[in-house]
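Trainee: Questions regarding the structure given below will be posed in turn.
The values are calculated or read from the model by the stated rules, or taken from the named source; none is laboratory data. This one's a predicted model, so the numbers in the text were calculated from it and none came from an experiment. With ideal geometry, Cβ positions are generated from the backbone for all residues, glycine too; neighbour counts draw on all protein chains shown.
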Amino acid sequence: MFEQTFKNLDDVLWKEAGCGSELDYAEQTSWLLFLKYLEDTEPAREMNDTFAGRTYAPLFEKPYRWSTWVHARKDELTGDDLIKFVNHELFPYLQGFKQPEGDPNTIEYKIGEIFSEVRNKFSSGYLMRDAVDLIDGLEFKSQEQKHELSDLYETRIKNMGNAGRNGGEYYTPRPLIRAMIRVTDPQIGETIFDPACGSAGFLCESFQYLWEKNRQHMSPQQLDFLQSKTFHGREKKSLAYILGVMNMILHGIEAPNIVHGNTLAEKPLDDIQPHEQHHIILANPPFGGKERKEVQQNFSIKTGETAFLFLQYFIKSLKPGGRAAVIIKNTFLSNSDNASRSLRKRLLEDSDLHTILDCPAKTFLGAGVKTVVLFFTKGAPTRKLWYYQLDPGRSLGKTSPLNDDDLAEFVEFQKTKADSERSWSIDVKTLDKDSADLSVKNPNAPEAEPLRDPAEILDEIAALEQETAEALNDIRALIA
């Protein structure tokens, strides 16, 4: 229904000089969609307050409501006048919703935070009017409409990931996320946390998993817990934070519990309290990032590698018995530096690292690193470790990305830790005690075909060249 609208919106953004990349397209689409969403869901908020016996107060004063500046003042606000209104009146008004004493989990605070970070990149008021009118044709009133919009928005985020290195920071392949969720198997009543949530793919897919699994028999209390208490995230970068909030809203989570801030700089690790811990952590921390010395002081294992600091944070932030599935560079398994060795030992001692999924090259488009997924449960030390070496049987790329079928065998085999040509188990006692090296070394892989003798290959090339020459002579004879 709305796919053509998004295509038309892309055409408008392509013409706008202030928007030069897929990242700009996503940012500008996001803040406009957000304001339209708030307009469309205003009646529902009013109805909820009425049923609860509360006096309803509209979110926005009249001049700043979508229905006013987009509809009532349409003829008046266009061209330069529209740009001036948005930049000098609308944005400052919305930024004022973020108050130091405000609750970060309220929709009001999120409005202020989003518009304190985003900026209007339209320089042409006429193109902006075209974009606004297109967004105005979208509706958030039915579940079908929200579902279609969420799919289109996911496509927009995916296109960012395909656009280049920076865009790839915001997109983890959804089939991989879904496999990680199926293995961790979250339940209603558990909390799910992504401390580096990016565009909130893990949280959105977790919501879909729990909704599909439980919607036929959820109590009102369980539905309220699912909506307001289950999903938690934190994100450092402004654009990713905005994308995450909007993505969760479009997936049906009305007031996302995403906090804008640097997880690693929040507090010393030892200061995390039991009530701040979670049942499940699903995450893909940044690859190759570096943190400042003062941030490293929050951690007992000092390292500049962002992903290694996050791994310490994950272990600490899980409740006893809590489950995690996290993506990390495969070099973590074998690096010989002190931080890597210490972190592997801590992970094996403090948690049951029961599964390692070895991902193929180009699982992450635009990222020149190989990755593994670590699945662990906090509390008991690791005794036995099961590996699965994912092989989709083709080279992954933009035209052939990872899909759900590629991961189906892994999910099924993981239930019993079955051995196969792609999977095997090791006893932790067999690991080198000093290095705790966890390298992927498949003992069940079929033996490779023996290499052919070079002389044999050269003879075959000569024979083929002779056949080619004879064929050319025959052709010449025919046309002579």
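Trainee: Note down all Cβ pairs under 7 Å where the first residue falls in segment 273-297 and is closer than 22 Å to LEU226 by Cβ, the second is β-branched (Val, Ile, Thr) and in a strand (DSSP E or B), and they're at least six residues apart or on different chains.
Mentor: HIS278/ILE192; ILE280/ILE192; ILE281/VAL326; LEU282/ILE192; ALA283/VAL326
Trainee: Quick one: in segment 329-359, of everything that is at pLDDT 95 or above and assigned to a strand (DSSP E or B), which residue is surrounded by the fewest Cβ atoms within 10 Å (Cβ to Cβ)?
Mentor: Across segment 329-359, the extreme among qualifying residues is HIS354.
Trainee: Follow-up. What residue, among those in segment 428-447 that are surrounded by 10 or more Cβ atoms within 10 Å (Cβ to Cβ) and more than 30 Å from ASN338 (Cβ to Cβ), is modelled with the highest pLDDT?
Mentor: Restricting to residues being surrounded by 10 or more Cβ atoms within 10 Å (Cβ to Cβ) and more than 30 Å from ASN338 (Cβ to Cβ), the top hit is ASN444.
Trainee: Among residues belonging to segment 94-103 that are surrounded by fewer than 14 Cβ atoms within 10 Å (Cβ to Cβ) and farther than 16 Å from LEU35 by Cα, point out the one that is nearest to the chain's Cα centre (by Cα).
Mentor: Among them, the one singled out is ASP103.
Trainee: Right, another one. Given the conditions (1) in contact with a Leu (Cβ under 7 Å, 6 or more places away or on another chain); (2) in contact (Cβ under 8 Å) with a residue 60 or more places away in the chain; (3) more than 29 Å from GLU3 (Cα to Cα); (4) of a type outside the set (A, V, I, L, M, F, W, C), and given that ASN105 satisfies all but one, which numbered condition is not satisfied?
Mentor: (1)
Trainee: Could you count how many residues in segment 7-23 are part of a helix (DSSP H, G or I) and either closer than 27 Å to LEU59 by Cα or aliphatic (A, V, I, L, M) (or both)?
Mentor: Residues flagged as part of a helix (DSSP H, G or I) and either closer than 27 Å to LEU59 by Cα or aliphatic (A, V, I, L, M) (or both) within segment 7-23 amount to 4.
Trainee: Among residues belonging to segment 121-154 that are closer than 30 Å to PHE202 by Cα and of a type in the set (Lys, Arg), point out the one that is modelled with the highest pLDDT.
Mentor: Across segment 121-154, the extreme among qualifying residues is LYS121.
Trainee: Still on this structure, I have one more. Can you run down the residue pairs with Cβ atoms below 8 Å, 6 or more apart or on separate chains, where the first is in segment 86-99 and at positive phi and in contact (Cβ under 8 Å) with a residue 60 or more places away in the chain and the partner is among the basic types (Lys, Arg) and exposed (fewer than 13 other Cβ atoms within 10 Å of the Cβ)?
Mentor: Cβ pairs passing all conditions: none.
Trainee: Is there a residue being in contact with a Ser or Thr (Cβ under 8 Å, 6 or more places away or on another chain), in a loop (DSSP other than H, G, I, E, B) and loosely packed, with under 11 Cβ neighbours inside 10 Å anywhere in segment 448-458?
Mentor: Checking segment 448-458: not a single residue is in contact with a Ser or Thr (Cβ under 8 Å, 6 or more places away or on another chain), in a loop (DSSP other than H, G, I, E, B) and loosely packed, with under 11 Cβ neighbours inside 10 Å.
Trainee: Within the bounds of segment 54-71, is there any residue that is of a type in the set (Val, Ile, Thr) and outside any helix (DSSP H, G or I)?
Mentor: yes
Trainee: Would you check if there is a residue in segment 255-275 being within 28 Å of ARG45 (Cβ to Cβ), of a type outside the set (Val, Ile, Thr) and part of a strand (DSSP E or B)?
Mentor: Yes, segment 255-275 contains at least one residue that is within 28 Å of ARG45 (Cβ to Cβ), of a type outside the set (Val, Ile, Thr) and part of a strand (DSSP E or B).
Trainee: For segment 337-373, which positions are within 18 Å of the chain's Cα centre (by Cα) and under 14 Å from VAL428 (Cβ atoms)?
Mentor: The answer is none; no residue qualifies.
Trainee: Within segment 108-160, track down each residue that is over 24 Å from the mean Cα position of the chain (by Cα), part of a loop (DSSP other than H, G, I, E, B) and in contact (Cβ under 8 Å) with a residue 24 or more places away in the chain.
Mentor: ASN120, LYS121, PHE122, SER123, SER124, GLY137, LEU138, GLU139, LYS141
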